[in-house]
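Colleague: Please find one structure pasted underneath; my questions will follow.
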Number of protein chains: 2
Amino acid sequence: MSTERSETLAGHAVSPPPAQRAQNRLRLAVLDRDPGFMQVLSKRLDALGCEYRPLTAPLGVDALVTMRLNALVLDLAILGPTGWNYLEQVCNRLPGLAVVVCTGPSSVAQRVRGLRLGADAWVTKPCHAEELICVIEAAVRRHRRAEMPALEAAASFGQITIRPDLYQAYVNEVSLELTAREFEILHLLSGSDRVLRREEIYERVWGYAMAHGDRSVDVFVRKLRQKLRAGSPDWSYIHTHFGVGYRFAPERESSVEAELDLITGGQAPELDSALAG
Amino acid sequence: MSTERSETLAGHAVSPPPAQRAQNRLRLAVLDRDPGFMQVLSKRLDALGCEYRPLTAPLGVDALVTMRLNALVLDLAILGPTGWNYLEQVCNRLPGLAVVVCTGPSSVAQRVRGLRLGADAWVTKPCHAEELICVIEAAVRRHRRAEMPALEAAASFGQITIRPDLYQAYVNEVSLELTAREFEILHLLSGSDRVLRREEIYERVWGYAMAHGDRSVDVFVRKLRQKLRAGSPDWSYIHTHFGVGYRFAPERESSVEAELDLITGGQAPELDSALAG
DNA sequence: TTTGCACGTAAAGATCTTGTGACCGAGCCT
DNA sequence: AGGCTCGGTCACAAGATCTTTACGTGCAAA
């Protein structure tokens, strides 16, 4: 297959598809010195695909900021009396960070103090790794509900730019006027390098299984191609794989254009203005 | 609620405190049957000035919605096997509600299950009232961090000025007379430059999940547009994305501009001052 | 080359979304 | 109690979009 993704053609960077997944993955740091605890915990975290950073000494708030964490787990015991101060600082400076205190036996007063200072949860050791992780997730979950608007970034392919935040695709700042469904299909295709079978496309866009003989995907691909061609005539984006499905890949079109492009330096101004008018 | 709404007629600053305070006060319901526990807890809650409602049987989700709670504390033991289901339902339908399970001895598996279903914290009885309250506050605090950026600065878009401190929008110092809901929706939309789906708007303004087929958002957008048009006739602010949702973006309208543009040759810098004056 | 499919294309009809006005109940003030 | 505002629902109409259907075209195997 044409592994040569044509991102270089556009002269734009293509945003990495896994951005979405990275957003949802848990990023956390654990400040603790108990080797057994750390080992058990790290094993479970790895299994969950967390990005996980063990710490043995308190990091400055600025360092924590640059790590872009979702959560911080810390054992107050290893910080001594300064722990309270550190906890307060972290909670104040990083209101969006989930902070879970996981430490040995404590008094009610201590736990109350920790929670009042801004900790989201207090787990007493010894504890089950699974439970601690659930507590972390609960704290992060609640936090995320707020700033979920962390959407995907815009991506460019060939001449078109796909903007998930606006549910629309553009060529030179001009909307292609895609309908919601058209956009979803384009978005799906553009996010995958491989050939997608019709059933796959249907299922992921419509949300349920495709009926046998349904031609809806074909019809939408046609409309998409039509609008893509209208806005970007000398490129082709959606390729048919006979008997299989469709594949997205920006490619330059016919020979005549190609020669003109060489002459005019990759642009055909008359064409653009003609279309724009 | 906002009883002093009509005072804004003058277009002058109005004291917003009552609404603010009501927002900050904790509104919670406790589903439990232990008299001793309830007594101790209610005493502490009263001292803190919480609006507090004891329950001895599970309330329907709809009933909980109308109570406008911040938090729900429940003892799973008194619900029996149906408790898990109830917990799940409540957490799903009211994503903005802090749910704290406070129940007797339990297994790790049970606690994990509860947290996974959406509970924000799990406190084991017997527990100190003070600690439980801290846990509740921690959960609510995290939830609020999202929608309570405290005092936000005023912002202007096109001809309108949005003043979160006054819970009102203005055109040339004149109030648009938005109701609370209307303002909240406008505020939310204006703070995000992407398309917001109805479900998102509903969930962030109403605080719980939107029922399928609910048209409330549409109706309020209509009322908003009406008032915006009344105060700023030749601008449009809220744009419909068919099949998706709404997006806020101040844009001039064509009607008056078109004629002026013809006269002034495509630019109408005076227009701003003319309209502003 | 012929034949059987798969696919491209187009348009009409069905379906879904949205705008809109009227209406009703709850809560609040007088 | 009565009038008011506000929040929320309903039904209808106008559009926009989607699905279905029909037929032409091109691919691939025999």
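Colleague: Taking the stated definitions as given, is B:Gly265 surrounded by fewer than 14 Cβ atoms within 10 Å (Cβ to Cβ), farther than 30 Å from B:Val99 by Cα and either away from DNA strand D (no atom under 11 Å from the Cβ) or at pLDDT 95 or above (or both)?
Modeller: Considered against the rule, which asks whether it is surrounded by fewer than 14 Cβ atoms within 10 Å (Cβ to Cβ), farther than 30 Å from B:Val99 by Cα and either away from DNA strand D (no atom under 11 Å from the Cβ) or at pLDDT 95 or above (or both), B:Gly265 comes out as yes.
Colleague: Identify, please: which residue in the range A:184-200 is of a type outside the set (Asp, Glu) and within 12 Å of DNA strand C (Cβ to nearest atom) and is, among those, surrounded by the most Cβ atoms within 10 Å (Cβ to Cβ)?
Modeller: A:Leu196
Colleague: Only one of A:Val135, A:Val99, A:Val140, A:Val90 is crowded, with 17+ Cβ neighbours inside 10 Å and in contact with a Cys (Cβ under 8 Å, 6 or more places away or on another chain). Can you tell me which? Don't jump to the end; show me each part of the working.
Modeller: Values: A:Val135 fails: in contact with a Cys (Cβ under 8 Å, 6 or more places away or on another chain); A:Val140 fails: in contact with a Cys (Cβ under 8 Å, 6 or more places away or on another chain); A:Val90 fails: in contact with a Cys (Cβ under 8 Å, 6 or more places away or on another chain).
Every option except A:Val99 fails the conditions.
Colleague: Do we have B:Leu55 as buried (at least 16 other Cβ atoms within 10 Å of the Cβ) and either more than 17 Å from the chain's Cα centre (by Cα) or free of Cβ contacts under 8 Å to residues at least 40 places away in the same chain (or both) here?
Modeller: Yes, satisfied.
Colleague: Any idea which residue in the range A:233-257 is modelled with the lowest pLDDT, counting only those that are surrounded by fewer than 12 Cβ atoms within 10 Å (Cβ to Cβ) and more than 16 Å from DNA strand D (Cβ to nearest atom)? Steps first, please.
Modeller: Kept after step one, since they are surrounded by fewer than 12 Cβ atoms within 10 Å (Cβ to Cβ), are these residues of the range A:233-257: A:242-244, A:254-256.
Remaining after also requiring more than 16 Å from DNA strand D (Cβ to nearest atom): A:255-256.
Working: A:Ser255: 50, A:Val256: 53.
The residue in question is A:Ser255.
Colleague: Further, regarding this structure: Looking at the range B:189-236 only, could you name the residues that are closer than 29 Å to A:Arg144 by Cβ and aromatic (Phe, Trp, Tyr)?
Modeller: Residues satisfying the conditions are B:Tyr202, B:Trp206, B:Tyr208, B:Phe220.
Colleague: Moving to a separate point now. Can you list the strands (runs of 3 or more DSSP E) found entirely within the range A:135-233 that contain at least 3 residues being more than 14 Å from chain B (Cβ to nearest Cβ) and within 23 Å of the chain's Cα centre (by Cα)?
Modeller: The qualifying strands (runs of 3 or more DSSP E) are A:155-157.
Colleague: If you go through the range A:204-232 one residue at a time, how many are surrounded by fewer than 18 Cβ atoms within 10 Å (Cβ to Cβ) and more than 12 Å from DNA strand D (Cβ to nearest atom)?
Modeller: 6
Colleague: Can you tell me which condition A:Asp46 does not meet? The list is (1) surrounded by 13 or more Cβ atoms within 10 Å (Cβ to Cβ); (2) closer than 25 Å to A:Arg144 by Cα, and all the others hold.
Modeller: It is condition (1) that A:Asp46 fails.
Colleague: Of all residues in the range B:82-116, which are facing chain A (nearest Cβ under 10 Å), at pLDDT 95 or above and touching a Phe, Trp or Tyr at 6+ places or on another chain (Cβ under 8 Å)?
Modeller: Hits for the range B:82-116 are B:Arg111, B:Arg113, B:Gly114, B:Leu115.
Colleague: Then there is this: Would you tally the residues in the range B:94-134 being not in a loop (DSSP other than H, G, I, E, B) and not aromatic (Phe, Trp, Tyr)?
Modeller: 24
Colleague: Here's something else I'd like to know. If a residue has to be surrounded by 20 or more Cβ atoms within 10 Å (Cβ to Cβ) and touching a Pro at 6+ places or on another chain (Cβ under 7 Å) to count, how many in the range B:163-183 make the cut?
Modeller: Going through the range B:163-183 one residue at a time, the tally reaches 1.
The values are calculated or read from the model by the stated rules, or taken from the named source; none is laboratory data. Being a predicted model, the structure only gives us computed values, none of them experimental. Cβ coordinates were reconstructed from backbone atoms using ideal geometry, including for glycine residues, and neighbour counts include every protein chain displayed.
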